[in-house]
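**Student:** Structure incoming, see below.
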Amino acid sequence: MNHHHHDNDHQSKKQEENVVLSPISIFISFLMTLNGARGETLEQLFKLLSIDNEKSLGEWRNQELVPYANGIIESIGSSQVLKIANGLFVAERIELQSEFEQLTSNIFKSCVQSCNFDNAESSADTINKWVEEKTQKMIKGLVSPSAFNSETLLVLVNAVHFLGNWKLPFDPNDTFDYEFTSHVFPNKKIPTMSKYNERVAYGNEKDYHWVALPYSDANYRMTIITTRETEVNEQNEREFNSWFCKKLDSGKSLKQLFSVSSEELSYMYIPKFDIEYSIDLTETLSQDPFSVKNVFSNADFSEMTTVETVKISKVIHKAIIKVDEFGTKAAAATAIIAEEDNDIEELYFTADRPFIYFISHVPSGSVIFVGKFIGMP
């Protein structure tokens, strides 16, 4: 599960805008959907979720899914800082299999709700109100009426809300305008938080370095990764993205990939910002390397419903993030740069260039949010 986030980030190819996604929300949504699949559809979903399975669906469900759900899903779901809303909205003419409906409700604590998609306005309103309630009114207008038509049978929706206070907040009096540079928004001054002479969890490798900032809830932390003193240009950006993706493809855990040790920093600069990002993942997931075409066309969801021609019409994802001196609201982001003085080993971080960030659930290593900040327009 740790490595699904970079695929979505990489495949979206949205290098010209700020991005935030929740890999675990997407993962749990498809894990829920998988329980209604059979045949090639089931195999494609196992592949999508990187689940190596030789067992029957029933055996896998009892031996693998239930223990997993009782662990990570309940652990994250019971958190006061993180709220994940997952739902399946199905056309009224579809009758759901009782076992699937019960499993979805009991294990995933998720919504399965009927909609009359012929009435697009009403369907959008139903879904948006549900998501708004589940995310404490942070995420509004997730879907538009234009998303639906008389052919719509099944819509998979996920939304996330994260509200975490820093374990060590920044002093608002130390926030100032600092120049942030990217090839998209060159030399733009933005409000930047700062700290001085504090110990921070820091790591580095070749031309890159990162810090891990803890939240007051010790189960969560934000890792911020950026380049060192390389020139800020499009080529270096591509190399940065490629390096990040290759690290994630190594199969190692996040803790191994981005190991840290406690170091004293002379100063650390991190910009304040907020991002709203939404994406329909349907096209992305139907293309390489995911290739789950069957799910969106000739799917077999006979474990979910008796209707033979059900397919997933859309996979809509939206996340919002706000980072300030006190913490992170709705999703996640912040960035940092590290540098060593030749003689006295002085370290400092200036988040003055594009950076990748992710918030992780420390006990499980699961990625809750991942994104990239490239500056403010």
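Values in this text are rule-based calculations from the coordinates and carry no lab data. Just so it is clear, the structure is predicted and the values come from calculations on it, not from any experiment. Virtual Cβ from ideal backbone geometry, glycine too; neighbours counted across all protein chains shown.
**Student:** ³J(HN,Hα) across the range 46-63 via Karplus (A = 6.51, B = -1.76, C = 1.60, θ = phi - 60°), whole Hz, x for Gly/Pro?
**Tutor:** With coefficients 6.51, -1.76 and 1.60, one gets 4, 5, 4, 8, 6, 9, 8, 9, 10, 8, 6, 4, x, 5, 4, 4, 6, 8 Hz.
**Student:** Using the 10 angstrom Cβ neighbour count as an exposure proxy, how do 111, 245 rank, fewest first?
**Tutor:** 245, 111
**Student:** What is the extension gain from residue 291 to residue 238, computed as 0.36 nm multiplied by their sequence separation minus the C-alpha to C-alpha distance, in nm to one decimal?
**Tutor:** Here the segment from residue 291 to residue 238 would lengthen by 16.7 nm.
**Student:** Using helices alone, what [θ] at 222 nm do you get for the chain, with -39,500 (n - 2.57) per DSSP H run of 4 or more residues, divided over all residues and rounded to the nearest 500?
**Tutor:** -7000 deg cm²/dmol
**Student:** Here's a follow-up. Quick one: if the Förster radius is 41 Å, what FRET efficiency do residue 197 and residue 114 give, using the C-beta to C-beta distance and rounding to 0.05?
**Tutor:** Working from the Cβ atoms, E equals 0.10.
**Student:** Using Cα-Cα distances under 8 Å and only pairs 6 or more residues apart, what relative contact order does the range 282-323 have, in percent?
**Tutor:** 31
**Student:** Follow-up. Quick check for me: using +1 on Lys/Arg Cβ and -1 on Asp/Glu Cβ, what's the dipole size of the chain about its Cα centre, in debye to the nearest 20?
**Tutor:** Details: 35 positive and 54 negative charges, 144 e Å.
Result for the chain is approximately 680 debye, rounded to the nearest 20.
**Student:** How much FRET efficiency would the formula 1/(1 + (r/R0)^6) give for residue 53 and residue 246, where r is the Cβ-Cβ distance and R0 is 25 Å, rounded to 0.05?
**Tutor:** In this case the efficiency is close to 0.40.
**Student:** Sticking with this structure for a sec: Among 24, 356, which comes first, then next, by fewest other beta-carbon atoms within 10 Å?
**Tutor:** Going from least to most buried by this count: 356, 24.
**Student:** So what is the relative contact order for the chain, in percent, with contacts set as C-alpha pairs under 8 Å and at least six apart?
**Tutor:** Here the relative contact order equals 25 percent.
**Student:** Between residue 93 and residue 309, what is the spin-label point distance in nm, taking each point 7 Å from the Cα along the Cα→C-beta axis?
**Tutor:** 0.8
**Student:** Whole-Hz ³J(HN,Hα) for each residue in the range 28-40, computed from phi via Karplus 6.51 cos²θ - 1.76 cosθ + 1.60 with θ = phi - 60°, x for glycine and proline: what do you get?
**Tutor:** So the J values, rounded to whole Hz, are 5, 4, 6, 4, 5, 5, 3, 5, x, 9, 9, x, 5.
**Student:** For volume of the Cα convex hull per residue in Å³, one of (i) 142; (ii) 173; (iii) 131 was computed from the structure I shared and the rest are decoys. Which label?
**Tutor:** Recomputing volume of the Cα convex hull per residue in Å³ here gives the entry labelled (iii).
**Student:** Can you run phi through the Karplus equation (6.51, -1.76, 1.60; θ = phi - 60°) for the range 99-109 and list ³J(HN,Hα) in whole Hz, with x for Gly and Pro?
**Tutor:** Once rounded to whole Hz, the list reads 5, 5, 4, 5, 4, 4, 6, 6, 8, 8, 6.
**Student:** Another one. State, to one decimal in nm, how far the label point of residue 177 lies from the label point of residue 121, with both points 7 Å from Cα in the Cβ direction.
**Tutor:** 4.6
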